[in-house]
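Data block below; observations after.
The values are calculated or read from the model by the stated rules, or taken from the named source; none is laboratory data. Quantities reported herein were computed from a predicted structural model and do not represent experimental measurements. Note: ideal-geometry Cβ built from the backbone for every residue, glycine included; neighbour counts use all protein chains shown.
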Amino acid sequence: MMKAILSNFLEAVKKAKELKGSRNFKQSVEVIINIKGVDLTKPENRFSEIVELPHELGRKRRKICIIASGNLAMTAKRIQGVDRVIEKEELEALVGNRREAKKLASRYDFFLVEPALVGLAARALGAALGARGKNPIPIPPGQDLERMVQRYANSVTVRMRKIPQVAAIVGTEEMEDQKIAENAEAVFNRVVEKLEKRIRNINSVYVKTTMGKPVEVEIKE
């Protein structure tokens with residue numbers, strides 16, 4: 001069976017950095033996975049998965065919105081990494097306000113929701129989130145909210161819907177090569193798990209910086 005080993009991702013990351021060119025901003029590093037032999041007209045072949053990365057994304061960490069009330073909302077406001085807290089009254093005001101819902105859905109990557117407010121969140125934001133492949137994520141009772149926030153802040157969503165390709169940010173150019181490579185491998189492994197024929201459905205894999213040239217990751221037997 002073929003597999004892309006970590007050393008191949010590491011080699012590709014190093015080469016991608018060499019080809020990134022000189023820019024006046026810090027570039028992201030992305031992994032791109034091209035799929036073959038999958039019929040995307042069949043719903044069972046489409047997917048959207050959240051992948052927790054082994055290393056932090058640094059300044060590219062995901063933006064977190066928490067929807068909660070009472071003590072949970074107060075706790076959320078004290079947690080570093082929480083970008084927005086929406087309480088029940090504000091959520092109720094969003095019902096029917098499609099314009100504001102779309103703004104929120106595009107502004108934040110993950111929406112962590114108190115279980116009692118999941119239904120209301122679905123009414124207020126469901127259509128806007130669904131259009132972007134996002135869903136409200138219930139906060140389990142007794143969950144360490146700070147740990148949950150940290151986990152999602154360093155997670156990425158990988159999805160395949162209309163085209164046979166998956167792409168995800170796995171780091172930034174200032175990160176260590178090894179950490180970027182391990183993040184990329186984590187995304188690759190999750191995508192392979194979702195494919196019916198596993199590695200045989202992988203056509204090609206590339207690593208690239210925002211403005212740089214793509215570098216192919218060698219796939220070996």
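Hey, among 181, 167, 186, 128, which residue is in contact (Cβ under 8 Å) with a residue 24 or more places away in the chain and over 19 Å from residue 50 (Cβ atoms)?
181
Yes/no per residue for (1) buried (at least 18 other Cβ atoms within 10 Å of the Cβ); (2) charged (D, E, K, R); (3) in a loop (DSSP other than H, G, I, E, B):
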| site | (1), (2), (3) |
| --- | --- |
| 73 | no, no, no |
| 84 | no, yes, no |
| 105 | yes, no, no |
| 112 | yes, no, no |
| 117 | yes, no, no |
| 129 | yes, no, no |
| 133 | no, no, yes |
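Looking at region 87-102, can you tell me whether even one residue there is closer than 26 Å to residue 49 by Cα and in a loop (DSSP other than H, G, I, E, B)?
So far as region 87-102 goes, no, none of its residues is closer than 26 Å to residue 49 by Cα and in a loop (DSSP other than H, G, I, E, B).
Among the residues of region 23-71, write down those that are under 16 Å from the mean Cα position of the chain (by Cα), part of a loop (DSSP other than H, G, I, E, B) and hydrophobic (A, V, I, L, M, F, W, C).
Across region 23-71, the qualifying residues are 53, 57.
Look through region 25-44, keep the residues that are in contact (Cβ under 8 Å) with a residue 12 or more places away in the chain and among the basic types (Lys, Arg), and return whichever of them is nearest to residue 14 (Cα to Cα).
Among those that are in contact (Cβ under 8 Å) with a residue 12 or more places away in the chain and among the basic types (Lys, Arg), it is 26.
Given the structure, is residue 20 assigned by TED's automatic domain parsing to the domain that holds residue 206 and part of a loop (DSSP other than H, G, I, E, B)?
Yes: the conditions hold for residue 20.
What are the residue pairs meeting all of these: first residue in region 60-88, first residue touching a residue at least 60 places away in the same chain (Cβ under 8 Å), second residue among the polar types (S, T, N, Q) and part of a loop (DSSP other than H, G, I, E, B), Cβ atoms under 8 Å, and 6 or more apart or on different chains?
Here the result reads 61/154; 62/154, each pair linking region 60-88 to a residue that is among the polar types (S, T, N, Q) and part of a loop (DSSP other than H, G, I, E, B).
Residues of region 1-17 being under 20 Å from residue 165 (Cβ atoms) and part of a helix (DSSP H, G or I), which ones?
The answer is 8, 9, 12, 13, 16.
Restricting attention to region 191-221, which residues are under 30 Å from residue 25 (Cα atoms) and among the basic types (Lys, Arg)?
208, 213
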